[in-house]
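*Asks:* Dropping the structure in here first, questions after.
Bear in mind these aren't lab numbers, they're just calculated from the coordinates by the rules spelled out. Here the structure is a predicted model, which means the values were calculated and not measured. Quick reminder, even Gly has a Cβ in these numbers, built from the backbone with ideal geometry, and neighbours come from all protein chains shown.
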Amino acid sequence: MAYAGGGNNNYGGNQGGYGGNQGGQKQPEKVITHKWAYNLNYNTENQDNPFIQMSVFDDVTKENYRLQIFKNEYNNDPKFMGEQYTQLQKDLEACDMAINYVEHGPLEVTFKRKDGTTHSMYKL
């Protein structure tokens, strides 16, 4: 699982001592696997069908993943949905984001509390 936590996920790295290339071994290049960011939006443009949209963007691959939650998942009550959006936004801002990236599958996004417990998980 790759952890995003609001910053870069740097894997690999050129960690050679002085001289760089010692003993004829080529040092690995620094590779940035992914750089994630997420956005949560409450879209009320269509009053009959408002939705909460979660977007996760990978700045390295330029892929954008989206999940939309419609009002029927909130008992068709836009006011309740708005309250849930506000609470979800506060909760997620207090969490670290963990990403499980599968090249040809859904993106699994997990939000973990500071104590390490899972707050929520989404597949986009």
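*Asks:* GLN84: net charge of surrounding residues, Cβ under 14 Å, Lys/Arg +1, Asp/Glu -1, itself excluded? Don't jump to the answer; show the numbers that get you there.
*Replies:* Details: positive: LYS71, LYS79, LYS90; negative: GLU73, ASP77, GLU83, ASP91.
Net local charge, GLN84 excluded: -1.
*Asks:* Let me ask something additional. Let me check against my output: what whole-number percent is the relative contact order of region 63-124, with C-alpha pairs under 8 Å and at least 6 apart?
*Replies:* This gives 25 percent for region 63-124.
*Asks:* Each residue of region 105-111 in order: what ³J(HN,Hα) in whole Hz does its phi give by Karplus 6.51 cos²θ - 1.76 cosθ + 1.60, θ = phi - 60°, with x for Gly and Pro?
*Replies:* Values, residue by residue: x, x, 7, 9, 10, 10, 9 Hz.
*Asks:* Can you give the local net charge around VAL56? Use residues other than it whose beta-carbon is closer than 12 angstrom to its beta-carbon, Lys and Arg +1, Asp and Glu -1. Please list the in-between numbers first.
*Replies:* Values: positive: LYS35, ARG66, LYS123; negative: ASP58, ASP59, GLU63, GLU108.
Once all neighbours under 12 Å are counted, the net charge is -1.
*Asks:* So, one more: Which of LYS79/LYS112; LYS62/LYS114; LYS90/LYS123; LYS35/LYS71; LYS62/LYS90; LYS90/LYS114 have a Cα-Cα distance over 22 Å? Could you put the intermediate results ahead of the total?
*Replies:* Numbers: LYS79/LYS112 27 Å; LYS62/LYS114 28 Å; LYS90/LYS123 20 Å; LYS35/LYS71 31 Å; LYS62/LYS90 27 Å; LYS90/LYS114 14 Å.
In this structure, LYS79/LYS112; LYS62/LYS114; LYS35/LYS71; LYS62/LYS90 lie more than 22 Å apart at Cα.
*Asks:* Moving on to the next point. What does the charge count near PHE70 come to, summing +1 for each Lys or Arg and -1 for each Asp or Glu among other residues with Cβ under 14 Å from its Cβ? Kindly include the intermediate steps, with their values, before the conclusion.
*Replies:* Details: positive: ARG66, LYS71; negative: GLU45, ASP48, GLU73, ASP77.
With Lys, Arg at +1 and Asp, Glu at -1, the net is -2.
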